[in-house]
Structure formats: C-alpha cells, structure tokens
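To keep things clear, I will list the structure first and then write my remarks on it.
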Amino acid sequence: MSDAGVPKLATTIHVTALDGIVNVNSLFTLAVFIGLSWNPKDPDNRLNSDPNCQAGPKVAENLVAFHVYSFSSFLFSSLVALGLKQAIRLSRSAHYRTIFTLDLAHVNKSALRVGYLVSAAGSASGCLFLMLALINVVQIKLGTLSCGSPHSLGAVVPLLIFVPIALLIYVSIVIYAFTQ
C-alpha cells in the first residue's frame with residue numbers, strides 16, 4: 001500500500017477507525033452466536049398459542065441461514081479491516097518519526113478508501129442479515145407476520161424502521177468519507 005507520490009497521513013486515525021469496525025463487528029458476531037445457540041424447536045420458547053400462526057420449518061431454516069450469512073459478512077468485514085490495519089502498520093518506515101502520538105506512513109489513499117468501502121459493505125450486509133434473522137425469531141416466538149399478531153408486528157416494525165435508517169446514515173457517512 002506504499003506509494004511515493006502520496007503525502008503522509010496521520011495513520012493513527014485510520015488504525016483507530018479500523019479498530020472500531022473490528023470491535024463493532026465482534027459484538028454483532030457475538031449476537032449471531034447467541035442467536036444460533038437458541039433452539040427454535042423448544043415448545044417453551046413459543047409465546048403464541050394459536051396453531052394457525054405457528055411458524056413452519058422454513059422459517060427456522062431461514063433463521064439459521066440468515067445467522068450464517070450475517071456471521072460471514074461480519075467476518076469478511078473484520079478481515080478486510082484487519083488487513084488494512086496490518087498494511088498500514090507494515091508501511092511505516094524507520095525513517096519516519098513519531099510526532100507526539102501520530103505515527104506517519106506513506107499510504108495509498110485510493111486503496112485505503114476502497115478497503116473502507118468494502119469493509120463497510122460487509123458490515124452493512126451483516127446488519128441486514130441479522131435483522132432478517134431477528135424477524136424470523138419474532139415469527140417463531142410470537143407468530144407469523146401473515147397472521148397479523150399485534151405483538152409480532154410491534155416487534156418487527158421498529159426493526160424495519162430503525163435498522164434501515166441507521167444503515168442509510170452509516171452508508172451515507174462512508175460514501176461521504178470515500179469521496180473526500
């Protein structure tokens with residue numbers, strides 16, 4: 001990632017941002033594993049007594065599939081972020097001084113921006129898959145959405161509103177930072 005024509009960047013900021021991506025992805029990955037450890041077939045887990053509104057086996061299959069997709073997206077994002085972080089650390093040279101706490105290195109800005117964008121895409125897709133998995137958890141515990149249960153809709157509607165809004169804000173900030 002070194003390029004002689006690119007000015008020095010304060011790489012400590014970039015390393016801290018990459019650490020933040022990895023830490024958030026780790027928390028989401030923990031949520032995925034907790035979700036995978038839950039047994040959807042346990043009859044004590046169902047809060048809905050109407051047999052017509054019980055979720056079928058396809059919902060349980062989707063639950064596991066979305067957890068796996070979410071895990072792989074967060075893992076992908078974290079590995080890209082860790083790779084960028086390692087590349088920044090390796091690009092530091094002995095002839096650049098450390099000024100206070102700023103470590104300086106030559107970093108290819110284009111490669112760094114693309115890496116951030118790819119890592120953000122992995123995190124965003126992981127969040128979407130985790131949201132879909134949570135919708136399936138709601139359907140298993142509270143009843144399918146097609147039955148129109150107020151409890152199921154009350155749990156799913158905030159997910160469908162807040163998660164996409166938060167992802168839109170996140171993606172907007174990442175795209176803004178990518179273009180600057």
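The values are calculated or read from the model by the stated rules, or taken from the named source; none is laboratory data. Small disclaimer: the values here were computed from a predicted structure and weren't measured. Cβ placement follows ideal geometry from the backbone for every residue including glycine, while neighbour counts extend to all protein chains displayed. These area figures cover heavy atoms from the full protein model, side chains too; ligands, DNA and RNA do not enter into them. Shrake-Rupley method; radii C 1.70, N 1.55, O 1.52, S 1.80 Å.
Considering the conditions (1) of a type outside the set (Lys, Arg); (2) in contact with a Cys (Cβ under 8 Å, 6 or more places away or on another chain); (3) open to solvent by 70 Å² or more (accessible area, probe 1.4 Å), Phe162 is excluded by exactly one of them, (2). Here Val118 meets each of (1) touching a helix residue (DSSP H, G or I) at 6+ places or on another chain (Cβ under 6 Å); (2) crowded, with 18+ Cβ neighbours inside 10 Å; (3) under 27 Å from Phe76 (Cα atoms) with one exception, condition (2). Of all the listed residues (Lys58, Lys85), the sole one being open to solvent by 90 Å² or more (accessible area, probe 1.4 Å), among the basic types (Lys, Arg) and either under 17 Å from Thr144 (Cα atoms) or at pLDDT 80 or above (or both) is Lys58. Restricting the range 147-159 to residues that are part of a helix (DSSP H, G or I) and touching a residue at least 12 places away in the same chain (Cβ under 8 Å), the residue that is surrounded by the most Cβ atoms within 10 Å (Cβ to Cβ) is Ser152. Filtering the range 121-146 to residues that are surrounded by 14 or more Cβ atoms within 10 Å (Cβ to Cβ) and of a type outside the set (A, V, I, L, M, F, W, C) leaves Gly122, Ser123, Ser125, Gly126, Asn136, Gln139, Lys141, Gly143, Thr144.
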